[in-house]
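Right, one structure below, let's go through it.
The values are calculated or read from the model by the stated rules, or taken from the named source; none is laboratory data. Because the structure is a prediction, the values reported are computed rather than measured. Ideal geometry is used to build each Cβ from the backbone, glycine not excepted, and the neighbour counts take in all protein chains shown.
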Amino acid sequence: MTSMTGKQRISAAFKKTFSDADPELDRVPAYMFSGACNSQLVGSTIGELMQDGQIFAKGQLAAYERYKPDIMLMMWDLNVDLEAIGNEIRFPDDSMPVITKEILEDKGKLSSLQVPDPKKDGRLPAYLDACIEVKKHVTDSPVSGVIAGPWTIAMGLRGAANLLRDSIKDPEYIHELMEFCIQATINSTQALSEIGVGVGYSEAPASMDLISPKMYREFVFPYHKKIVDHFKEKKIGVGLHVCGNADAILDDLVATGVSNLSVDSGSDLALAVEATRGKAVLIGNVPTELFLAESAEEMRQSIQNCIHVAPNDSGYILATGCEVPAIAPPKKVDWFMDLAEELGAYN
Amino acid sequence: MSQEMFDKLAQAVIDGESEDAEALAKQALEQKLDPLACITNGLTVGIQKTGELFASGEYYLPELIIGADAMKAAMQILEPALLSGQEREVTGTIVIGTVEGDLHEIGKTLVGTMMTANGFRVIDLGTDIPSADFIDAVKESGANLVGASALLTTTMLQQEKLISSLKDAGLREQVKVMVGGAPVTASYAKQIGADGYAEDAISAVDLAMRLIDAPA
Ligand code: B12
């Protein structure tokens, strides 16, 4: 079989999940979440890449050229929405952006907040432009945007410990806040889908590392479902990524109706295979710390294990559990696609 | 009568009721109860129980956080009322924070709460804390422990910087330094000259006890 393009591989994975068809695949579809670490490919600092959408676009294009992932994921900074809403952000040269002021430290300010306009506010327009630019050049693989999910936005605006306090002391407030946050997520998703980019939102803090399954069901699930339903009406499928350990809520995540679910290395891939089979394409979950390991041996074992656990009959895409660390050497990112190529061949 | 008050204080912490805890503390002082006994036999018992409920999986992070809040609220009333010469017996004093450039808040908070539950005085600086702020806090508090949390591979380097800043400030002998956070390992801790590493909050307490030779 001649080598397939990223678009063909990804489309095959979706067909395996959502139809009876079982299209052939030359190898497991594969991609990594990378953004900050591509600063190394274009000789910029992390801080520069995070503040300038064109440098970011250059980094993503350089990454595409070098690694040839089957999905070009536009992983920039999850603070983009937060900043457009009113958080203050600091951009260190050699590390990831940091929130210096949470706008809802004083919770009363919620009523005065504006849902950002992706075409006008903060770095959102720069993000859209970067996506347009990359899509122009990347024609073989789907380009996919990363949007901060509502729980991530809520936590960023209010502060992590404060939001957890509210869950007991003022649950009504969280519901009000989440109603606001889904508007931000919906607007960004809408803007991205208008430029023909795939859409998915990221919810690092929705896993059991921070909240109980009960909290997910009460404070997060209804809003995830609202977002997905909103776009289902428009025939747009959305994806979801959850960091950390999500084992106890895998069925809930699938029940939101997302078309693909990406899990981190903290989650059990075998459980995720069962939860997603026939309902959502599964993506995951090579530990990101392996991009800093001395040798490729552990990554080899991890990839082998993923491919073994997620058999070719259900829609599956091999990916990193989360973002490749910002200082991972490009040589080690090469390992990932090389190993996918070597170990992922279906015959 | 005092036992009844101690139990109420403990319960306010277990329930995470800051306002109740504060009101009870004031009431206790009005009734001329010994503030030290209120802390030791009331609040500390409550936070210990809260820690146990968390460790056994019955409580999640939110309950733990509001339990620590309630304890803090009552402490603010009781501590200033301690008689001169009467000192709360603490296992040790720790300055804890998440290093500069890193905003991951929860792991550090959890370690701080478990240390409090085990009798440590905890000075929690928050997140994105430059080395200089750790140093000021150590000087001010006379702490004998420092805990630095880092969740990113890029910010782990700040833990090393903190250790060398402590040396430069002439404080390295005064404090034992513990490091932690998801990407941090025991061998990294050793390599940067930290005194110890712990992978979770419960082992962090054991480690702290060992480092300062506290009786377990
Ligand atoms: C929740 C979370 C977030 C939240 C944080 C909310 C908040 N304000 O705290 C948000 C969404 C904001 C976030 C942001 C980011 N995150 Co994050 N996040 C997580 C996640 C899912 C859980 C962390 C957590 O709170 N765990 C729960 C607590 C209880 O556990 P813990 O922190 O590990 O702490 C325990 C131990 O480590 C230890 N410990 C911790 N501190 C200390 C200190 C001492 C002294 C001791 C002894 C012990 C100790 O005891 C604790 C209690 O048991 C992890 C996944 C993971 N595997 O850890 C990723 C993770 C840490 N994040 C990651 C990344 C990349 C990011 C971002 C860069 C994402 C982005 N592209 O924007 C930003 C960074 C922003 C910044 N400048 O800091 C990566 C880090 C990878 C790396 N090696 O660099 C991780 C590992 C995800 C992954 N699998 O790749 N994140």
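Which of the following residues is out of contact with any helix residue (DSSP H, G or I) (no Cβ under 6 Å at 6 or more places or on another chain), within 14 Å of another protein chain (Cβ to nearest Cβ) and within 28 Å of A:Tyr127 (Cα to Cα): A:Ser207, A:Ser212? Before the answer, list the steps.
On the way: A:Ser212 fails: within 28 Å of A:Tyr127 (Cα to Cα).
A:Ser207 is the lone residue from the list that is out of contact with any helix residue (DSSP H, G or I) (no Cβ under 6 Å at 6 or more places or on another chain), within 14 Å of another protein chain (Cβ to nearest Cβ) and within 28 Å of A:Tyr127 (Cα to Cα).
Quick check on my filter: what residues within the range B:86-123 are polar (S, T, N, Q) and more than 14 Å from B:Ala150 (Cα to Cα)? Don't jump to the end; show me each part of the working.
Pass one, the range B:86-123, residues polar (S, T, N, Q): B:86, B:91, B:93, B:98, B:109, B:113, B:116, B:118.
B:Gln86, B:Thr91, B:Thr93, B:Thr113, B:Thr116, B:Asn118, listed by residue number.
Please specify each residue of the range A:276-298 satisfying the condition of being among the aliphatic types (A, V, I, L, M), over 18 Å from A:Val238 (Cβ atoms) and either within 11 Å of the ligand (Cβ to nearest atom) or at pLDDT 95 or above (or both). Correct list: A:Val286, A:Leu290, A:Leu292, A:Ala296.
What helices (runs of 4 or more DSSP H) lie completely within the range A:7-80 and have 3 or more residues being within 15 Å of the ligand (Cβ to nearest atom) and farther than 14 Å from A:Ser141 by Cβ? Show your work before the answer.
On the way: elements: A:39-42, A:46-51, A:53-67.
Passing ranges, in order: A:46-51.
Note on the range B:1-46: residues that are closer than 19 Å to B:Met114 by Cβ and of a type in the set (Phe, Trp, Tyr) total 0.
Within the range B:86-102, the set of residues being modelled with pLDDT under 95 and of a type in the set (A, V, I, L, M, F, W, C) comprises just one member, B:Val90. Residues that are in contact with a helix residue (DSSP H, G or I) (Cβ under 6 Å, 6 or more places away or on another chain), buried (at least 24 other Cβ atoms within 10 Å of the Cβ) and of a type outside the set (Lys, Arg) occur at least once in the range B:149-161.
Residue check: A:Pro118 meets all listed conditions (1) touching a Leu at 6+ places or on another chain (Cβ under 8 Å); (2) within 16 Å of the ligand (Cβ to nearest atom); (3) at pLDDT 95 or above but one, namely (2).
Among (1) of a type outside the set (Phe, Trp, Tyr); (2) surrounded by fewer than 16 Cβ atoms within 10 Å (Cβ to Cβ); (3) away from every other protein chain (no Cβ under 14 Å), which single condition is A:Glu298 missing? Just one mismatch for A:Glu298, condition (3). Pairs meeting the criteria (first residue in the range A:305-329 and closer than 20 Å to A:Lys7 by Cα, second residue acidic (Asp, Glu), beta carbons under 8 Å, at least 6 apart or on different chains) are A:Asp313/A:Asp22; A:Ile317/A:Asp70.
Would it be correct to say that A:Asp251 is surrounded by fewer than 22 Cβ atoms within 10 Å (Cβ to Cβ), away from the ligand (no atom under 16 Å from the Cβ) and modelled with pLDDT of 95 or more?
Values: surrounded by fewer than 22 Cβ atoms within 10 Å (Cβ to Cβ): yes; away from the ligand (no atom under 16 Å from the Cβ): yes; modelled with pLDDT of 95 or more: yes.
Answer is yes for this residue.
One residue stands out in the range A:112-169 among those that are within 20 Å of the chain's Cα centre (by Cα) and of a type in the set (Lys, Arg): the one that is farthest from A:Ser11 (Cα to Cα), namely A:Arg123. For the range B:144-186, the tally of residues that are part of a helix (DSSP H, G or I) and away from every other protein chain (no Cβ under 11 Å) stands at 11.
Tell me, which residue of the range B:93-125 that is of a type in the set (Gly, Ala, Ser) and surrounded by fewer than 22 Cβ atoms within 10 Å (Cβ to Cβ) is nearest to the other protein chains (Cβ to nearest Cβ)?
In the first step, residues of the range B:93-125 are kept if they are of a type in the set (Gly, Ala, Ser); the result is B:97, B:101, B:107, B:112, B:117, B:119.
Those left that are additionally surrounded by fewer than 22 Cβ atoms within 10 Å (Cβ to Cβ): B:107, B:119.
Values: B:Gly107: 9, B:Gly119: 22 Å.
My answer is B:Gly107.
Being within 11 Å of the ligand (Cβ to nearest atom) and within 20 Å of the chain's Cα centre (by Cα) is the requirement here; does B:Val146 meet it? Here the answer is yes, as B:Val146 does meet what is asked.
Residues of the range B:198-216 that are under 20 Å from B:Leu171 (Cβ atoms) and near the ligand (Cβ under 9 Å from one of its atoms): B:Leu207, B:Ala208. Residue check: B:Gly67 meets all listed conditions (1) within 14 Å of chain A (Cβ to nearest Cβ); (2) surrounded by fewer than 24 Cβ atoms within 10 Å (Cβ to Cβ); (3) under 19 Å from B:Ala21 (Cα atoms) but one, namely (2).
Only residues that are modelled with pLDDT of 95 or more and buried (at least 17 other Cβ atoms within 10 Å of the Cβ) were counted across the range B:16-37, and they come to 9.
For the range A:193-217, a tally of residues being more than 14 Å from the ligand (Cβ to nearest atom) and either in a helix (DSSP H, G or I) or more than 17 Å from A:Asn260 (Cα to Cα) (or both) returns 7.
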